[in-house]
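Novice: One structure, pasted below without further comment.
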Amino acid sequence: MEEHKESTGISTRSVEILVALIFLLIGGMVVFDSFRLGASWGADGPQAGYFPFYVGLIICISSLVTLGQVLLGKVGRSGKIFVEWSQLKLVLSVLLPAAVYIVGIQLIGIYLASAVYIATFMIWLGNYSWFKSIALGVVVSVLGFLTFEVWFQVPLYKGVFDPLSFLGY
Amino acid sequence: MFEDINALFHGFSVALTPFNLLLMFIGVTLGVIIGVLPGLGGANGIAILLPLTFSMPPTSAIIMLSCIYWGALFGGAITSILFNIPGEPWSVATTFDGYPMAQQGRAGEALTASFTSSFVGAFFAVVMITFLAPLVARFALQFGPPEFFSVYFLTFCSFIGMGKEPPFKIMASMMLGFALAAVGIDTVTGQPRLIFGWFELLRGFDFLIAVIGLFGIGEILLSMEEGLSFSGKSAKIDPKIVLETWKKLPQYWLTSLRSCLIGCWLGITPGGATPASFMSYGVAKRMSKNGAKFGTGQLEGVVAPETAAHAAGTSALLPMLALGIPGSPTAAVLLGGLLIWGLQPGPLLFIEQKDFVWGLIASMYLGNIAGLVIVLTCVPLFAAILRVPFSIIAPVIIVICAIGAYTVHNAMLDIWFMLLFGVAGYAFKKLAYPLAPLVLALVLGDRAEDSFRQSMLIAQGDMRIFFSNWLVGGVMALGLVMLFWPVVSKLLVSLRASKTPA
């Protein structure tokens with residue numbers, strides 16, 4: 001998807017094109033589904049697809065214009081860099097663990113996953129000692145638990161395996 | 001008029017209970033912290049805390065949440081002046097002169113000036129809301145669906161006319177918001193729309209999720225890019241500096257007044273605080289005697305953007321209260337709160353929920369005073385927060401965002417959407433797709449569509465209903481002017497350019 005290799009990073013131009021294409025795809029999907037629902041005037045007034053149809057149409061038109069501007073070189077021709085590789089690495093070092101964290105939430109629940117996530121992040125990217133990192137992770141989770149489950153009585157997701165079920169919440 | 005002043009005093013009696021005062025202080029403190037932290041801002045901070053207020057009485061809840069907003073507005077200035085990192089987009093212009101002042105060892109002076117002018121701007125806007133909002137609401141009582149649709153139309157066209165981004169990108173972003181708003185059960189016919197057989201989508205996309213992802217996760221990704229080191233100036237504020245700065249400020253009254261007006265104008269029309277601060281800085285630079293020295297640490301260069309940003313941020317609540325149309329993403333989140341607490345935003349609010357409305361307006365006065373006191377006394381404390389390394393702050397903020405996203409609907413899928421919105425927010429910000437129109441369209445999408453469909457039903461599909469009387473026609477025409485403003489202004493420029501050589 002984003003493999004336009006250059007010496008220093010991903011070019012703005014390729015990302016512009018990609019985003020415009022995604023918009024075009026979304027617009028197309030909206031138009032398509034609006035047609036399925038009926039985008040015209042029904043027996044009792046405008047049909048369900050009447051309004052979204054135009055919304056989708058405008059998305060398509062504006063993304064086509066943006067795409068045209070990029071391709072014809074009005075925007076982003078100057079070889080500008082969207083993100084340098086070193087920066088991308090930093091960004092991904094937040095993004096990928098965050099995705100893993102969300103999988104973790106799904107399996108073992110928000111509290112445990114958060115403690116693990118914060119501790120790992122600190123050890124891995126912050127070079128903190130194991131003790132400090134685990135302590136902070138646990139403190140944040142316990143605070144969250146007290147705030148949500150105990151004080152405000154808002155139950156959070158405990159995960160498929162629910163390892164904290166012994167607490168009775 | 002007198003009736004409104006009476007109502008305001010009644011509002012003070014509502015807001016001045018010990019419980020509400022406590023919430024006010026908690027709100028402002030939380031708000032400043034939110035404003036100081038990267039990745040958390042007024043809009044997503046309030047979005048995350050919203051579920052915690054479901055069990056409170058609505059008036060107390062809105063007092064706390066709006067105080068978070070004031071706090072966040074104040075907090076943005078701290079990071080811009082001390083660290084040269086704008087904590088909020090609207091404090092970017094504050095860095096231009098604020099940070100040089102801090103480098104010269106005048107951080108205390110800059111902070112005092114920015115807090116004080118923030119207060120002045122907000123106060124001006126609150127006074128305006130007090131007198132103007134009831135009038136607008138009374139006027140809007142006669143609105144039917146076509147009138148409402150025309151106001152929505154104007155709102156969204158203003159984004160295109162006044163936005164700095166390429167018009168077609170604004171349009172794409174806005175329409176994406178409308179499309180996302182349409183996902184789920186159609187409110188009129190009950191048909192599922194745009195779910196493509198994926199039944200978990202029946203719930204639709206909640207804009208709170210979008211706000212948390214776009215502004216929270218997106219912001220974290222952006223700050224990550226810039227590396228992790230923050231180096232800031234230390235701040236000391238003692239009463240002497242405060243008093244000395246206050247003595248200097250009155251000479252900038254004209255700049256203040258101008259900035260207040262710019263702020264209020266851009267706040268009511270959905271330009272928002274960020275363009276207001278830039279515009280006000282630009283105007284001040286052009287009009288001031290010291291204009292050439294701007295950027296080297298001029299007090300006036302701090303006064304102008306801060307006043308305007310707060311005036312805009314505050315007056316964005318006027319259309320939200322009086323018409324049910326928010327002027328900024330944060331106002332949109334507050335509006336979402338109203339709906340969740342079971343209040344119908346719009347002109348009827350002033351008649352049916354007097355306690356709520358006037359309690360809120362009274363709390364704006366009190367909250368801003370509380371905010372000024374808190375930030376002036378606790379700056380070193382808040383600045384210390386920014387010295388906490390990013391490798392601790394980043395995971396904690398992501399955890400807070402995930403919890404916030406989950407609590408909106410108790411849905412696991414929403415956390416995934418949050419991450420997706422985060423990536424989108426990161427890309428959009430870098431490619432100059434604006435986020436505010438997306439969020440407002442997502443909030444207002446259903447109601448804009450309803451008013452459109454109702455108007456179409458009344459008129460049996462005849463578009464001329466939008467020009468059927470002077471009011472609708474006027475607002476629609478103004479909207480069209482805004483919509484085509486990028487084209488019109490280009491024509492004007494080229495006209496002028498072709499005239500000058502001759």
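The values are calculated or read from the model by the stated rules, or taken from the named source; none is laboratory data. Source: prediction; values computed, not measured. Here the Cβ is made from the backbone with ideal geometry for all residues, glycine too, and neighbour counts use every protein chain on show.
Novice: Could you grab me the full set of residues in the stretch A:117-135 that are of a type in the set (Gly, Ala, Ser) and at the interface with another protein chain (Cβ under 7 Å from one of its Cβ atoms)?
Specialist: A:126
Novice: Here's a follow-up. Determine, yes or no, whether residue A:114 is modelled with pLDDT of 90 or more and either part of a loop (DSSP other than H, G, I, E, B) or within 8 Å of another protein chain (Cβ to nearest Cβ) (or both).
Specialist: So residue A:114 passes the test.
Novice: Give me the residue from the stretch B:415-430 that is under 18 Å from residue A:81 (Cβ atoms) and either among the hydroxyl-bearing types (Ser, Thr, Tyr) or surrounded by fewer than 22 Cβ atoms within 10 Å (Cβ to Cβ) (or both) and, out of that set, farthest from the other protein chains (Cβ to nearest Cβ).
Specialist: Ranking the qualifying residues of the stretch B:415-430, first place goes to B:429.
Novice: Search the stretch A:69-84 for residues that are of a type in the set (A, V, I, L, M) and pair each with any residue that is modelled with pLDDT of 85 or more and in a loop (DSSP other than H, G, I, E, B) when their beta-carbon atoms are under 9 Å apart and the residues are at least 6 apart or on different chains.
Specialist: From the stretch A:69-84, the pairs are A:75/B:166.
Novice: So which pairs qualify, if the first residue must be in the stretch B:396-408 and at the interface with another protein chain (Cβ under 10 Å from one of its Cβ atoms) and of a type in the set (Ser, Thr, Tyr), the second must be surrounded by fewer than 23 Cβ atoms within 10 Å (Cβ to Cβ) and outside any helix (DSSP H, G or I), the Cβ gap must be under 8 Å, and the two must be at least 6 apart or on different chains?
Specialist: Taking only residues 6 or more apart or on different chains, the pairs are B:406/A:156; B:406/A:157; B:407/A:154; B:407/A:156.
Novice: Which residue is surrounded by the fewest Cβ atoms within 10 Å (Cβ to Cβ), if the candidates are limited to the stretch B:276-300 and must be closer than 24 Å to residue B:163 by Cβ and touching a residue at least 60 places away in the same chain (Cβ under 8 Å)?
Specialist: B:278
Novice: Return the residues of the stretch B:462-499 that are of a type in the set (A, V, I, L, M) and free of Cβ contacts under 8 Å to residues at least 60 places away in the same chain; say none if nothing qualifies.
Specialist: Listed by number, the residues that qualify are B:463, B:477, B:487, B:488, B:491, B:492, B:493, B:495, B:497.
Matching residues to (1) modelled with pLDDT of 85 or more; (2) closer than 18 Å to residue B:332 by Cβ:
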| position | (1), (2) |
| --- | --- |
| B:5 | no, no |
| B:15 | no, no |
| B:24 | yes, no |
| B:28 | yes, no |
| B:31 | yes, yes |
| B:55 | no, no |
| B:61 | yes, yes |
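Novice: Can you spot a residue in the stretch B:450-461 that is more than 20 Å from the chain's Cα centre (by Cα), closer than 26 Å to residue B:54 by Cβ, surrounded by fewer than 16 Cβ atoms within 10 Å (Cβ to Cβ) and within 9 Å of another protein chain (Cβ to nearest Cβ)? It would help to see each step written out before you state the result.
Specialist: Restricting attention to the stretch B:450-461, the residues satisfying the condition of being more than 20 Å from the chain's Cα centre (by Cα) are B:450-461.
Now restrict to residues that are closer than 26 Å to residue B:54 by Cβ: B:450.
With surrounded by fewer than 16 Cβ atoms within 10 Å (Cβ to Cβ) added as a condition, the list becomes none.
Checking the stretch B:450-461: not a single residue is more than 20 Å from the chain's Cα centre (by Cα), closer than 26 Å to residue B:54 by Cβ, surrounded by fewer than 16 Cβ atoms within 10 Å (Cβ to Cβ) and within 9 Å of another protein chain (Cβ to nearest Cβ).
Novice: If only one of A:161, A:145, A:166 is in a helix (DSSP H, G or I), more than 9 Å from chain B (Cβ to nearest Cβ) and modelled with pLDDT under 85, which one is it?
Specialist: One residue alone meets the criteria, A:166.
Novice: Moving on. Is it fair to say residue A:31 is at pLDDT 90 or above, within 30 Å of residue B:447 (Cα to Cα) and more than 9 Å from every other protein chain (Cβ to nearest Cβ)? I'd like the intermediate steps shown before the answer.
Specialist: Working: at pLDDT 90 or above: yes; within 30 Å of residue B:447 (Cα to Cα): yes; more than 9 Å from every other protein chain (Cβ to nearest Cβ): yes.
Yes.
Novice: Counting only residues that are among the aliphatic types (A, V, I, L, M) and under 15 Å from residue B:398 (Cβ atoms), how many does the stretch A:103-115 have?
Specialist: 5
Novice: Now a separate question. Of the conditions (1) more than 30 Å from residue B:191 (Cα to Cα); (2) crowded, with 17+ Cβ neighbours inside 10 Å, residue B:436 satisfies every one except a single condition; which number is it?
Specialist: (1)
Novice: Would you mind finding the one in A:80, A:89, A:132, A:158 that is among the charged types (D, E, K, R) and touching a helix residue (DSSP H, G or I) at 6+ places or on another chain (Cβ under 6 Å)?
Specialist: Just a single option satisfies the conditions, and that option is A:80.
Novice: Out of A:150, A:100, A:94, A:138, I need the residue that is more than 10 Å from every other protein chain (Cβ to nearest Cβ) and closer than 15 Å to residue B:396 by Cβ. Which one?
Specialist: Answer to the check: A:138.
Novice: Go through the stretch B:109-145 and report how many residues are polar (S, T, N, Q) and either in contact with a Pro (Cβ under 8 Å, 6 or more places away or on another chain) or under 26 Å from residue B:450 (Cβ atoms) (or both).
Specialist: 1
Novice: Is at least one residue of the stretch B:262-269 over 26 Å from the mean Cα position of the chain (by Cα) and at pLDDT below 80?
Specialist: No, because not a single residue in the stretch B:262-269 is over 26 Å from the mean Cα position of the chain (by Cα) and at pLDDT below 80.
Novice: Kindly establish whether residue B:307 is under 30 Å from residue B:107 (Cβ atoms) and modelled with pLDDT under 85. Explain how you work it out, then say what you get.
Specialist: On the way: under 30 Å from residue B:107 (Cβ atoms): yes; modelled with pLDDT under 85: no.
No, not satisfied.
Novice: Let me ask something else about it. For the stretch B:123-178, enumerate the residues that are out of contact with any Phe, Trp or Tyr (no Cβ under 8 Å at 6 or more places or on another chain), within 14 Å of chain A (Cβ to nearest Cβ) and among the aliphatic types (A, V, I, L, M).
Specialist: Selection gives B:171, B:175.
Novice: Tell me, which residue of the stretch B:179-194 that is within 7 Å of chain A (Cβ to nearest Cβ) and free of Cβ contacts under 8 Å to residues at least 12 places away in the same chain is surrounded by the most Cβ atoms within 10 Å (Cβ to Cβ)?
Specialist: Among them, the one singled out is B:193.
Novice: Would you confirm whether or not the stretch B:373-384 contains a residue that is within 14 Å of chain A (Cβ to nearest Cβ), under 16 Å from residue B:33 (Cβ atoms) and either in a loop (DSSP other than H, G, I, E, B) or free of Cβ contacts under 8 Å to residues at least 24 places away in the same chain (or both)? Please lay out each step first, then the result.
Specialist: Looking only at the stretch B:373-384, we keep the residues that are within 14 Å of chain A (Cβ to nearest Cβ), and these are none.
No: the stretch B:373-384 contains no residue that is within 14 Å of chain A (Cβ to nearest Cβ), under 16 Å from residue B:33 (Cβ atoms) and either in a loop (DSSP other than H, G, I, E, B) or free of Cβ contacts under 8 Å to residues at least 24 places away in the same chain (or both).
Novice: Go through the residues of the stretch A:60-79 one by one and say whether even a single one is assigned to a helix (DSSP H, G or I), touching a Pro at 6+ places or on another chain (Cβ under 8 Å) and either within 7 Å of chain B (Cβ to nearest Cβ) or surrounded by fewer than 20 Cβ atoms within 10 Å (Cβ to Cβ) (or both).
Specialist: yes
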